[in-house]
Amino acid sequence: MNFNHLALIICQCIGTATIAICFTQSAVDKIFDWKGNLGWLNGHFSKTIFKSMVPFLLGIVTVLELLAGLMSIVGLLQIAISSNVQWAFWGSATAGLALVSLFLGQRIAKEYAGAAVLVSYIILVILNILLLALGMMG
């Protein structure tokens, strides 16, 4: 294994581990504090087109986050064991979908500071997808 390949694998592992931690923790928080999250989000979206759909949308985001986190955990193990990036790729893609959903919600709620914070996560996910795609080519 040459230095460039090793550097690519290390970057893939760091990006995938960050996504695994972030999305698993977020989903677990939503699951174990469903009532608290739902109460806060009901207020957050009370004056938006989403006001009557908050429980449904929270469920969708929770499932997306849990899938992204779990696929990324499996993907991290897969990269470490065999340099295969398939699970990590799909975990990152699912994380991207969750983030775009959250970004839309923040913009609709006119929570521009919260939307801006999500951009750094979106950039991480995009970069990780690109790094994982590089691994698929070689």
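Listing for the model above:
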quantity	calculated
Degrees, to the nearest 10: 112-137 long Cα axis against longest axis of the chain	30
Extension gain (nm, one decimal) between Ser101 and Asn2, 0.36 nm per residue minus Cα-Cα	31.7 nm
Inter-centroid distance (Cα atoms) of the stretch 2-22 relative to the stretch 64-102, Å	12
Residue-span extension gain [Met137 to Ala93] - 0.36 nm each, minus C-alpha spacing	14.1 nm
Additional length obtainable on full extension of the chain from Ile21 to Phe56, 0.36 nm per residue less Cα span	10.2 nm
Asp33-Ile123 pseudo-label distance in nm [points 7 Å out on the Cα-to-Cβ vector]	2.7
Mean separation of Cα contacts under 8 Å (6+ apart) over length of the stretch 1-87, as relative contact order %	43
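Every read-out reported here was derived from the displayed coordinates using simple, explicitly stated rules and does not represent laboratory data. All values reported here derive from a predicted model rather than from experimental measurement. Virtual Cβ from ideal backbone geometry, glycine too; neighbours counted across all protein chains shown.
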